[in-house]
Amino acid sequence: MNKRNKGWIVTVGAMGVNLALGCFYSWSIIAAALVKELGYTKTQASLPFTALILLSALMMVPGGRIFDRYGPRVCGVIGGICTGIGFLLSGYATSLPMLVVSFGLIFGIGLGVGYAGTIPAAVSWFPPQKRGMIGGLVVAALGFSSVYVAPLTQYLLGNVGIQKTFIIEGIAFMIAILIFAQFLSRPTAGYKAEEASDSSPSVLPNPQRQYTPSEMLSTYQFYLIWCMYAFGVVAGLMVTSQAAMIGKMQANIEWGFALVSLLAVCNCLGRFLGGWLSDNLGREKTLMLVFMVQMINMLLFRFYTNFSLLVCGITACGICWGSLLGIFPAMTYDYYGLKHSGMNYGLVFTAYGIAGVIGPITGGRIVDYTNSYNGAYLVAAAFLAIALVMLRFLKKPVDNPLNHEADALSA
């Protein structure tokens, strides 16, 4: 089979896995039901989602190790089985701690390990100048899943209740992940993707040095990338976990699932646009643009008090948040190579887990105490401002001999 065609088959398989793993977007709808039907506080309702985001991000590290050693198909199988078990047990959970364990911890393992195998599997078949676009497509599938997951969850909750919703979705998503995982593979040793003829000087070529995780951790660039990633996605994670309730409080919108779906569509679009734009404009310049737009959006979010304005704010938030998920994988591979890409990006992605704690908990606690999200928006804007400052100090690793060539081309 033609290697280019094989690469696209793997990319489609990775997108399919992520389309099913994106079932975690159902939580915004389920959380609203828990508050309304079972009397949970907004902070309590955010705990399983927070545990999910944190553990799934942490599991990207062992998931990356599994990818590096056993390949992406094993990652997908583990992800599918744990997703199914997590949802099924959530259907029988009778307390908040049980939901945290089943949805947050068990599904979190599946999400982290499954996701760890999708991006590096796909991008390894393509040259550096297409890493942003291919990685953006793969992560876009995860964001796009809420387009169908949110209304599906809303429908099931209204017809069969919370318990059966978990059970039905768990079985369906597990089967889907296991099927798509069979299409995942990585190139054989020595494979080298054909370089693009119209390559951008803003993007590093394949680095000669392939950094091990310990070598990557010894560079200051890793810590800047990690912090910028965490600070940049706080806003998006906060809004997506609280979208239905934000719509109700700020604009008196009862059908919050529509806002969740809109956020997912924009998040999906942003993942592709961010990756594609960073291929052409450069990773650092694209990050600067995204951080600035999202910071301004957060400063204005408190004024979005009608449907039209809230739609504008949700749209900007989703695109900017999604863009970061398309840019940072490509940046990691540009700086540190593909040989240890699974574990290296897994370490970078732990930043997302920390942000998953800060964002939802901050939003939930502030609204519980003040009956307003205004303070949470200001916190998110402050984090983005710090990320902008950090970006000014980010340079390519100096011990990569190809950096001088890339710098000369971009001068």
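Any read-out appearing in this document is the output of simple, stated calculations on the displayed coordinates, not a laboratory observation. Predicted model, so just to flag it, every value in this text is computed and none were measured. A quick note on method: Cβ atoms are made from the backbone with ideal geometry, for glycine too, and the neighbour counts reach across all protein chains shown.
Could you order the peptides 389-397, 57-65, 244-252 from most to least packed, using the average number of other C-beta atoms within 10 Å per residue?
Going by the mean number of other Cβ atoms within 10 Å, highest first, we get 57-65, 244-252, 389-397.
T188 to R69: extension gain in nm, 0.36 nm per residue of separation minus the Cα-Cα distance? Before the final figure, lay out the partial values.
On the way: separation 119, 0.36 × 119 = 42.84 nm, distance 1.30 nm.
41.5 nm is the gain from fully extending T188 to R69.
Show which lysines lie in cross-link reach of K42 when reach means a straight Cα distance below 26 angstrom and same-chain residues fewer than eight apart are skipped.
K164, K248
Starting from one equal scatterer on each C-alpha and no solvent at all, send me the Debye-based log10 I(q)/I(0) for the chain at q = 0.06, 0.12, 0.13 Å⁻¹, two decimals.
Log10 of I(q)/I(0), two decimals: -0.21, -0.88, -1.03.
Picking from G91, M295, V233, whose Cα lies most toward the positive end of the charge dipole for the chain (charges on Cβ: Lys, Arg +1; Asp, Glu -1)?
G91
Take every Cα pair under 8 Å in segment 1-143 that's 6+ residues apart, average their separations, divide by the length, and report that relative contact order as a whole percent.
Reported as a whole number, the value is 38 percent.
Would you mind calculating the gained length between S95 and S214 on full extension (0.36 nm times residue separation, minus the Cα-Cα distance), in nm to one decimal? Don't jump to the answer; show the numbers that get you there.
Working: separation 119, 0.36 × 119 = 42.84 nm, distance 4.08 nm.
Length gained between S95 and S214: 38.8 nm.
Modelled label-to-label distance, V12 and V389, 7 Å Cα→beta-carbon offset: nm?
For V12 paired with V389, the spin-label model returns 4.9 nm.
Over segment 322-365, what portion of Cα pair distances is larger than 13 Å, expressed as a whole percent?
Numbers: 563 of 946 pairs.
Cα-Cα pairs in segment 322-365 separated by more than 13 Å: 60 percent.
Order these peptides, 290-299, 340-349, by their mean beta-carbon neighbour count within 10 angstrom, highest first.
Values: 290-299: 21.2, 340-349: 25.9.
The most tightly packed comes first, giving 340-349, 290-299.
Helix 283-300 versus the longest principal axis of the chain: what angle, 0 to 90°, nearest 10, using Cα atoms?
20 degrees
For K395, give me every one of the lysines with a C-alpha distance below 23 angstrom, ignoring sequence neighbours fewer than eight places off in its own chain.
Excluding near neighbours in sequence, the set is K130, K285, K339.
Connecting C-alpha atoms closer than 10 Å in a GNM of the chain, tell me which of L55, L111, L217 has the biggest fluctuation.
Checking each option, the largest mean-square fluctuation is seen for L217.
So how strong a dipole does the chain carry about its Cα centre when Lys and Arg Cβ are +1 and Asp and Glu Cβ are -1, to the nearest 20 debye?
Computed charge dipole of the chain: roughly 280 debye.
Stretched out fully, how many nm does the piece from A382 to D368 gain, at 0.36 nm a residue minus the Cα gap?
My answer for the length gained is 2.9 nm.
Any idea what % of Cα-Cα pairs in segment 221-331 are farther than 17 Å?
50 percent
Starting at 0 and stepping by 10 Å, how many percent of the alpha carbon pairs of segment 1-94 end up in each bin?
Pairs per bin, as whole percents: 13, 38, 28, 15, 5, 1.
Can you find, among M331, L281, L263, the residue farthest towards the positive end of the dipole of segment 259-411? Put +1 on the C-beta of Lys and Arg, -1 on that of Asp and Glu.
Value: L263.
Computed over the Cα atoms of segment 40-114, what is the convex hull's projected area averaged over all directions, in nm²?
For segment 40-114, averaging the hull's shadow over all directions gives 4.4 nm².
Which three extents, in whole angstrom, do the alpha-carbon atoms of segment 266-389 cover along their principal axes, largest first?
Sorted from largest, the Cα extents of segment 266-389 read 49, 27, 26 Å.
Fewest first, what order do D279, D334, D368 take by the number of other Cβ atoms within 10 Å?
Fewest to most other Cβ atoms nearby, the residues stand as D368, D334, D279.
Which peptide among 158-164, 326-332, 39-45 comes first, and what is the full order, when sorted by highest mean count of other Cβ atoms within 10 Å? Present the calculation step by step, with values, prior to reporting the outcome.
Working: 158-164: 12.4, 326-332: 28.6, 39-45: 17.4.
So the peptides 158-164, 326-332, 39-45, ranked by packing, come out 326-332, 39-45, 158-164.
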